[in-house]
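Participant: Here it is, the structure in full.
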Amino acid sequence: MASLVLGAAVSFGLVTATVTAPAQAETAGPTVAQRATLSAAAVTPITAANADLAKAVQQVNQKQIAAAIKTLVSLQGNVKQANSNAFALIGKPPTDPESDDPPGPPAVIAALALDHRVTMGIVPLFNGRKRSDIVKELRDTLYFTHTVRQTMLNKVTGLPPEGAGDDYTDGMSDTLGLYTAEVKLVTNALKTYTLIPSGRLGLTRALARVKLANATMNKAYGGGE
């Protein structure tokens, strides 16, 4: 399942506006196979968030600032809902009595893939932005995304490795490269982007958060497959 999620994330570009190549490479939603595994409650906010992300990127790049702010607020809500839905499934037993596969791992992997797509899509939008209102909303989007993600990472990495945590090991290990890519993107942004002070502060704080996520994952799964 993790391979399906990550494979989809790198093979199908949803965001087609002028963003960086890494952002374009990580923009797919749940695959058909994943939809069969995830509940409708889990798929719906991810699908909505994907649409919001694509729309926000287009609106920001076309300088439709008022519309972009509304879309970003919607994106924040859908990201939080997707992560909350996944968090609620951690530790739950299989929904099918004939299955040994719990619903938590695919839901968590799908939510983490969404969080990564949002990060990679939103960060490039800081470049050249001079209006404080849109920069604030971009900052808020990254903050909410990273905060809910870190809560979930802490929960999953804190599971007993020989117990419930074993169900997550392979899938979580497969996502390690996503966090490294985020660190590289934000680090490069701070070095090369044209930023107003609030934008620089926002990305500086975002860098600390993605580094924390990267460290959390590497500590727990760095030796995984």
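Participant: Starting at 0 and stepping by 5 Å, how many percent of the alpha carbon pairs of segment 47-116 end up in each bin?
Facilitator: Histogramming segment 47-116 at 5 Å steps yields 3, 18, 21, 17, 13, 10, 7, 5, 3, 2, 0 percent.
Participant: If we count other beta carbons within 10 Å of each Cβ, what is the order of V148, V60, fewest first?
Facilitator: Working: V148 21, V60 26.
Least to most surrounded, the residues fall as V148, V60.
Participant: Could you go through segment 209-219 in sequence order and give the Karplus-derived ³J(HN,Hα) for each residue, using 6.51 cos²θ - 1.76 cosθ + 1.60 with θ = phi - 60°, rounded to whole Hz, and x for Gly and Pro?
Facilitator: 6, 6, 5, 5, 4, 4, 5, 4, 6, 5, 5
Participant: Something else: Send over the semi-axes of segment 89-182's equivalent ellipsoid, whole angstrom and largest first, taken as the square roots of 5 times the C-alpha gyration tensor eigenvalues. Kindly include the intermediate steps, with their values, before the conclusion.
Facilitator: Details: eigenvalues 214, 31, 24 Å².
Taking √(5λ) for each Cα gyration eigenvalue gives 33, 12, 11 Å.
Participant: At 0.36 nm per residue, minus the direct Cα-Cα distance, what do K219 and T147 gain on full extension? Give it in nm, one decimal, please.
Facilitator: Separation in residues times 0.36 nm, less the Cα-Cα distance, equals 24.1 nm.
Participant: A follow-up question, please. Taking other Cβ within 10 Å of each residue's Cβ, how do M152, M120 sort, fewest first? Please report the intermediate quantities before stating the final value.
Facilitator: Values: M152 19, M120 26.
Sorted ascending by nearby Cβ count, the order is M152, M120.
Participant: Determine ³J(HN,Hα), in whole Hz, for all residues of segment 158-172 in sequence, where each value follows from phi through the Karplus function 6.51 cos²θ - 1.76 cosθ + 1.60 and θ = phi - 60°; x replaces Gly and Pro.
Facilitator: x, 5, x, x, 9, x, 4, x, 5, 5, 9, 4, 5, x, 5
Participant: For E162 and R200, FRET efficiency with R0 = 35 Å and r from the beta-carbon atoms, rounded to 0.05?
Facilitator: Values: r = 44 Å, r/R0 = 1.26.
Efficiency, from the Cβ-Cβ distance: 0.20.
Just so you know, all these numbers are worked out from the coordinates, no wet-lab data involved. All figures in this text were calculated on a predicted structure; none of them were measured in a lab. Don't worry about glycine lacking a Cβ; one is built from the backbone with ideal geometry, like all the others, and counts go over all protein chains shown.
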